[in-house]
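Accompanying notes for the structure given below.
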Amino acid sequence: MQAFVIDAFSFCQQEEQQSGTMLIADLPRLSKECASTAGALSWSLAGSKDKLGHPQLMLTVAGSVQLMCQRCLTPFAFEIDSESILILARSEDNADEIEALLADDEVDVVVGSKAFKVVDLIEDEMLLAIPQSPKHAVCPDEQSGAAVDAEASKKESPFAVLKKINGRT
Ligand SMILES: [Zn+2]
């Protein structure tokens with residue numbers, strides 16, 4: 001596992017770039033959310049400055065993770081293609097100041113350090129990228145006849161019936 005650590009401020013100042021792949025099995029917090037720990041993510045990290053001169057990291061992560069559908073309880077592949085901009089602050093207080101200054105929801109402010117764990121950063125981004133309650137767009141059993149039959153035999157809710165009555169008058 002690449003447990004690599006960067007000096008985040010000098011990484012930005014020198015406009016360095018790094019990229020690599022990471023096994024999902026090596027990310028314990030992400031693994032917990034996944035139906036399977038097979039697979040890998042590719043990532044890249046680039047340092048630069050924002051227009052106000054704050055050190056900034058651009059992180060991209062792409063890959064596919066297996067999530068458990070909360071509706072039919074079968075695993076499915078969820079494609080991740082995330083790109084985030086992270087401004088580095090020197091402290092929590094500094095992070096609050098920068099956040100207030102930028103007032104931009106698209107930009108995250110994180111506290112940087114000279115021993116900044118890139119793995120943790122990637123894992124945090126992944127946890128934000130996956131849905132809290134993952135579901136198929138269309139569950140496989142809905143495509144077969146089973147779900148249609150279940151739908152037909154399901155009693156109409158009183159509200160649906162009311163709606164119909166109101167709609168008629
Ligand atoms: Zn499903």
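The values are calculated or read from the model by the stated rules, or taken from the named source; none is laboratory data. What you see is a predicted model, and the numbers here were worked out from it, not measured in a lab. As a convention, Cβ positions derive from the backbone with ideal geometry for all residues, glycine included, and neighbour counts pool all protein chains shown.
Being in a strand (DSSP E or B) and assigned by TED's automatic domain parsing to the domain that holds GLN132, is that true of even one residue in segment 25-36? Looking through segment 25-36, at least one residue is in a strand (DSSP E or B) and assigned by TED's automatic domain parsing to the domain that holds GLN132.
Close Cβ contacts (under 6 Å, 6 or more residues apart or on different chains) running from residues in segment 112-131 that are within 22 Å of SER10 (Cα to Cα) and in contact (Cβ under 8 Å) with a residue 24 or more places away in the chain to residues that are of a type in the set (S, T, N, Q) and not in a loop (DSSP other than H, G, I, E, B) comprise GLU125/SER82; GLU125/SER84.
Of ALA100, ALA62, ALA89, ALA95, all but one fail to be closer than 23 Å to ARG29 by Cα and either assigned by TED's automatic domain parsing to the domain that holds GLY39 or in contact (Cβ under 8 Å) with a residue 12 or more places away in the chain (or both); the exception is ALA62. GLU83: over 15 Å from the mean Cα position of the chain (by Cα), of a type outside the set (Val, Ile, Thr) and loosely packed, with under 15 Cβ neighbours inside 10 Å, yes or no? No, not satisfied.
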